[in-house]
Amino acid sequence: MPKKEQLYELIRSNPFISQQDLAGHLGLSRSAVANYIATLVRERRILGRAYVLPDHRPVLCIGAANLDRKLRTTARLALGTSNPARQTESFGGVARNIAENLARLGVPTALVTAVGGDSSGRALLSYADETGIDTRGALRVDGAASGTYTAVLDEDGDMRVALADMEINESLTPEFFATREQQRAGAALIVADLNLPREAVAALLEGSRRDGVPMVIVAVSEPKIDRLPRDLTGLRLLILNVGELAARVGRPLETDADIAAACAELRRAGVQDVIVTRGALGVMFTTATGMQALEGQAVDAVDLIDVTGAGDAFAAAVCWTLYSGQPEPNLEPACRRGQMLAAMTIACTQTVCPQLAPGLFDAPVQDIVTD
């Protein structure tokens, strides 16, 4: 393939790639790369480089996107034999869910994830594009299966077993993220989940410090909390639950004082703020002087349809607040918005509530009812 065509394909796969990287991939000089780009622009095959204006810098969500399948038996679950069941499918993944929430709220949003060259991967990216999420930075891995999460529920809706195939996320290496350096540096906020490899999370945090882009990390499970770097210097915010916090500090957390002490430990490791979700008990979050608690939001049993995605909705609302840049004294307004969005989500059958729209948070935060 001629060099010009090779260059064109590299730009198609990563519109944010730098001329220096193009030169290195193709064994060309910077001036030769510039000439090829000028030719492609004249031919109208490309419309210039992927620069982003300051007032349109996106929130960049990085992490898992997968297909969620739920199989619910129509009678009592019997092990060791075939069970009649009904199946539902939806798009999931922590980073993808957060990105969709933000996009529906009107925030410029981009998603960097890994998908396979299968029908699931194509559907994941197509749906994200339709929702308004920029997926140009996504990694497409031919010959690999896209991520899946399959849950088996009994007739009462209780989960009996779940199987997660998330191996494709191991493709999101520091070397890959080096090819997305321009996109990361141009973001207003980076939100990463811990489905990423440990080395990749550390590389992203180092890049955010270097580029001056605030970064939020969202934990995904207790087993994966070990992917959180020991050095958290420069991290704007960490969102996790009590079990994940206990796994990080290596001890049980039975009281509010225990949680506060663990968060103080994380702050000494370098993170600016921590939010700890506690289910029906509400949330705790760091302040300039210590910790503050916010009671849980009462949910009527008739409104509780499916809790899937509620935690991701909470994180998205917090990130919306950070992105909006409103001069608020602490994280309480962000957490109240998070509770509001989580409550809307558990009242929906979908993982991301389709009723979300720009302007949802225009009302003063004191008008948000949380009890």
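The values are calculated or read from the model by the stated rules, or taken from the named source; none is laboratory data. Computed from a predicted model, the values in this text were never measured in an experiment. Glycine also receives a Cβ, built like all others from the backbone with ideal geometry; neighbour counts cover every protein chain displayed. For accessibility, only protein heavy atoms count, side chains too; no ligands or nucleic acids. Shrake-Rupley method; radii C 1.70, N 1.55, O 1.52, S 1.80 Å.
Computed values, structure above
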| quantity | calculated |
| --- | --- |
| Yes/no for L240 being open to solvent by less than 40 Å² (accessible area, probe 1.4 Å) and free of Cβ contacts under 8 Å to residues at least 12 places away in the same chain | no |
| Within region 107-206, strands (runs of 3 or more DSSP E) holding 1 or more residues that are more than 22 Å from L356 (Cβ to Cβ), open to solvent by 30 Å² or more (accessible area, probe 1.4 Å) and aliphatic (A, V, I, L, M) | 139-141, 147-153, 159-165 |
| Close pairs (9 angstrom Cβ cut-off, 6 or more residues apart or separate chains): in the same structural domain as A313 (by the TED database) and farther than 28 Å from L322 by Cα in region 101-130, acidic (D, E) and outside any helix (DSSP H, G or I) anywhere | G116/D142; G117/D142 |
| From R69, R76, R57, R86, residue being farther than 30 Å from D158 by Cα and either among the charged types (D, E, K, R) or assigned by the TED database to the domain that holds T113 (or both) | R57 |
| Residue in region 72-94 that is open to solvent by 30 Å² or more (accessible area, probe 1.4 Å), farther than 26 Å from E175 by Cα, under 20 Å from the mean Cα position of the chain (by Cα) and among the charged types (D, E, K, R) present | yes |
| Filtered residues of region 215-224 (kept if open to solvent by less than 50 Å² (accessible area, probe 1.4 Å) and part of a loop (DSSP other than H, G, I, E, B)) | A219, V220, S221 |
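Residues checked against (1) of a type outside the set (V, I, T); (2) surrounded by fewer than 19 Cβ atoms within 10 Å (Cβ to Cβ); (3) in contact with a helix residue (DSSP H, G or I) (Cβ under 9 Å, 6 or more places away or on another chain); (4) not in a helix (DSSP H, G or I):
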| position | (1), (2), (3), (4) |
| --- | --- |
| D226 | yes, yes, yes, no |
| D231 | yes, yes, yes, yes |
| G234 | yes, yes, yes, yes |
| L245 | yes, no, yes, no |
| R251 | yes, yes, yes, yes |
| D258 | yes, yes, yes, no |
| L266 | yes, no, yes, no |
